[in-house]
Amino acid sequence: MILNIKMFGVLSVFLIPLLLSQETEAAAVISIDLGSEWMKVGIVSPGVPMEIVLNKESKRKTPAVVAFRDDVRTFGEDAVTVGVRFPKNSYKYLLDLLGKPFDHPMVQAYRERYPYYEMVASDRGTPLFIHDDKTKFTPEELVAQLLAKAKDFAEISHGQPITECVITVPGYFNQAERRALKDAAALAGLNVLQLINDYTAIAINYGIFRRKEINETAWHALFFDMGAASTKAALVEYKTVKIKEKGYVETVPQLQVLGVGFDRTLGGHEMTLRLREHLIKAWEANGGGDVRKSPRAMEKLLLEAERLKIILSANTEFYAQIESLLDDKDFKQLVTRAEFEELCSDLWERVSGVVQRAIAAAGGAGAGARLVLAGGGSRVPAALKALTDAVGHDPARSINADEAATMGAVYRAASLATGYKVAPLNVRDAVLFPIQVTFTRHVDGNDKLIKRTLFGPMNPYPQKKVITFNKHTDDFDFHVNYAELDHIPSNELQYVGGLNLSQVVLNGVGAALAKHTGENVEHKGIKAHFNLDDSGILNLVNVEFVAEKTVAEEEDQDSTLSKLGSTISKLFGSDAETPEKVEDKPEEKSQEEEASKEKKEEDAKKANQTEGEKQNATEPETKPKPKLVILKEPIKSEETLLNLQPLSPEQFKSSKAKITELNTIDKKRIERETALNNLEAFVVDAQMKMDMDEYSECGTSEQIEEIKKLCSETSEWLYEDGYDAATEMFEAKLATLKDKTSPIFYKHWEHRERPDAISALRSMLNSSREFLKMAKNFTKDANPEKDVFTDVEINLLEKKIDETSTWLSTSIKEQKALKKNEDIKLTVDSIREKMASLDREMKYLLNKMKIWRPKKPVKKESENKTEETVIDQNAESEAGEEKVEKVEKVGKTQEEAPVTEKGESETTEPPLQLSDGQDEHSEL
């Protein structure tokens, strides 16, 4: 049988991730663009391009709101609706609360904006929402529920479990905030592949569509992102670089963040709050009463102010209208765009400041950079004008401002996940808050505080660093802090939080030094290894004591350990005779430097080899050279976080149990609602059908009356006592109804589908008769030169046609003699079986006709005459399985037939063709 395969259009390699191999099973991964006001989800799964996940309303973004009311938890639009009536039960703008102590300025500002929330300090010192007497929520728990809902959207949309994700974060998030978001993701059951800065995700999305433009000549783009809560600007450089990740040097495009500027409190929500204040004053001026004391009225005003802000971005004036704002009084107020811009006049000046700080952080690089907009707040005309004035040219509108970060993050997720292969794009982010190590050293009888910078401002990451302590001979400790933040505006410093990150206490230093002593041992100090990972989180990898031991090499034997020490010593030889310092790990240096270093080493080896040959020519005997062996001893380290304590194992377990219980309640509620809806729908459907003649004729009067009575009783039970029944009760009653109605529904289906099935069988019989008439002309008796079919085959087909025709006529008569409510005699399945049996006979003969070839004469020359021997390629065969085997053998003979120089078969006649209009076979 020939299969027609449809070819699908293929997008470019960087848009559709490809499986590395057929044996590799790649699981779907998602990106979550979690903003203060909205969240969006991207997904990539095997064979499916990267796309945005739709929520249950089929929308591409969902309000980042979770609400609780009457033991029912809702998200998104439903939660917003709950929040209008019960503001205290709806939680929103949660991102600003993550990783912050209760006395943080942003937490206090949050409490002032939303006074209806009852908040206290938790045992960890973080904010805690008091929902009711029994329930309390931390920001991590609420954010975890939002992330879990995003995960559910993706699982429902693509029908497979999700465990891995990439989450966007504001670039200004500090260490505590990033750890808190990872804790929330863990509570949601998600493994975070990376926390990616939102502007970096936007830059990835911008770069993958312009890979052809990226070459060795660097070019720049300035990304401006004004969201609901904050504004960020990032200057990014694109160029190709040489990297060595697969064992060889290759050239790949690279994205590197050069400079970043931000303003944590400049965003669309601040504009909305000012518009709400304007509406409140207008209401009070008209004698409307004290609206501030009504949380419900304040929430209505906030929603109307948000709608008004969006409309004024495209219109010069608009009426704000709210029905029954307070005490059944309606509110209506005309607001012009000029009034709105005047309310926010001080905000427009801060727009240019964000851009200027990004350019200044890049050291003035990026002249003539392309301006690219993202974020909903960028659509406000006054903000756009201020931005254009600051940059000097109009922005480019070449990306989806709302979804760029989501799509860039899902591209990153595909590149990090197992089982996907995407076009390479090297990503180098930048450090916003420099990190340093401080420790005390005893100098001249005094303790001196020493500071060593680990990561300076705008240093690229991910990156590993090593700090070496050379002067300590006993146990000591050191601190990890934020370094000087002179590049951060003074108003932003208050939001950074505590500057002390952690304290590290080292034990066993003296014992390690004493263990490795001797004339041929040189101490290289205590080395602390740090890693700033892809998520921007600093980790202390390990601490170790390092020493070098000189070993004499024997003339006739080299120690394997000595060889290893010689190789390793090249990496650490520069540490000798140096004070405490910070160094990049050699293996972590930029790939471009690595490639250059390798070339230099090769040149040096060649030079040394040439020099060695010269020396060997003059000095036939050389003395053995000493070898250096690197000695390492692990040092026990205890790290204590000082800024904000993360969730302890007990707290994490408690929060996880709380969320699991909420998920279980939701699952049971959904199951119950589904069972109730199914029962209600089936009762209504059954009652309606029992009143229709076409259904009632398929059952006896007793059956119909029984079903009607059962439906009526079930309906009354549902609307009286059954509404609060358990799920199992709904399912049991539905099963009883289906058991009573299924015989009637089945008979109705048979009577409805039978005419089409009979028509299809008759059509097949007509086609078979026409084929039989033609086939009789291709037998040995009728046409010796074209003896395609045997008499046995013709008789079998004729017998099959006659039997099927007789069976159909008899069955139709028998079925017509029965009533519709009696057992079915002529079923649709029996008709299909007859069609399948006739179809098999037809297919066999048709296939034989396709592969038939004339008998090939073979000439044999003798002394006086030529004998002709006819080779029969179409010998008769028995019916059944032997026919199939013979067809396969003949088919093989046809494929292997010799070909002439013209490329045609040696046979002089083509295969038999069906006459025009003759189908191979008919199917139902």
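Derivation of every value follows stated rules applied to the coordinates shown; laboratory data play no part. Only a predicted model underlies this, so the values are computations on that prediction, with no experimental measurement involved. Cβ atoms come from the backbone with ideal geometry, glycine included; neighbour counts cover every protein chain shown.
How much length, in nm to one decimal, is gained on full extension between Gln160 and Val505, taken as 0.36 nm per residue of separation minus their Cα-Cα distance?
119.6 nm
Per-peptide packing, taken as the mean over residues of other Cβ atoms within 10 Å, places 194-203, 51-60 in the sequence 194-203, 51-60 from highest down.
Each residue of the range 225-242 was assigned a 3J(HN,Hα) from its phi angle through the Karplus curve 6.51 cos²θ - 1.76 cosθ + 1.60 (θ = phi - 60°); the sequence is 10, 9, x, 6, 10, 8, 10, 10, 9, 9, 9, 10, 10, 10, 6, 8, 9, 9 Hz, with glycine and proline shown as x.
For the peptides 444-457, 327-340, 381-394, the ranking by mean Cβ contacts within 10 Å, running from highest to lowest, is 381-394, 327-340, 444-457. Near the amide H of Asn197, within less than 5 Å, lie the amide hydrogens of Val169, all on another chain or at least 5 residues away, with H placed in the peptide plane.
Per residue of the range 244-256, in order, report the coupling 6.51 cos²θ - 1.76 cosθ + 1.60 (Karplus, θ = phi - 60°) as ³J(HN,Hα) in whole Hz, putting x for Gly and Pro. Going residue by residue, I get 9, 10, 10, x, 9, 7, 9, 9, 9, x, 10, 10, 10 Hz, with x marking Gly and Pro. Spin-label pair Glu245-Asp666: with each label point 7 Å from Cα along the Cα-Cβ axis, the two points sit 3.5 nm from one another.
Treating r as the C-beta distance of Thr217 and Met688 and R0 as 45 Å, the FRET efficiency rounds to 0.05.
Rg and Dmax, both from the Cα atoms of the range 371-465 and both in Å, are 21.7, 65. You can think of it this way: the chain between Ser345 and Ala735 has 133.7 nm of extra reach, that is 0.36 nm per residue less the Cα-Cα gap. Remark on Trp219: its backbone amide H falls under 5 Å from those of Tyr238, a criterion applied only to residues 5 or more positions apart or on other chains, H modelled at 1.01 Å from N.
If we count every other residue with Cβ under 11 angstrom of Gln815's Cβ, Lys/Arg +1 and Asp/Glu -1, where does the sum land? Present the calculation step by step, with values, prior to reporting the outcome.
Values: positive: Arg754, Lys813, Lys816, Lys819, Lys820, Lys825; negative: Glu750, Glu814, Glu822, Asp823.
Neighbourhood net charge equals +2.
Overall form of the range 103-239: oblate. Here a/c, set by the Cα gyration tensor axes a ≥ b ≥ c, is 1.5 or more, and a/b is not larger than b/c. Dividing the Cα radius of gyration of the range 673-789 by its Kirkwood radius returns 1.44 for Rg/Rh.
What order do you get for 301-309, 729-737, 407-415 when each peptide is scored by the mean count of other beta carbon atoms within 10 Å, highest first? Numbers along the way, then the final one.
Numbers: 301-309: 20.6, 729-737: 16.9, 407-415: 27.4.
Taking the mean over residues of other Cβ atoms within 10 Å, the ranking is 407-415, 301-309, 729-737.
If you filter the range 68-127 for GluC sites (Glu not before Pro), then keep DSSP loop positions with at most 14 other Cβ within 10 Å, what is left?
Glu118
The stretch between Trp749 and Glu673, if pulled fully straight at 0.36 nm per residue, gains 24.4 nm over its current Cα-Cα span.
Sites listed here are trypsin sites (Lys or Arg not before Pro) in the range 241-300 whose DSSP assignment is loop and whose Cβ has at most 10 other Cβ atoms within 10 Å: Lys246.
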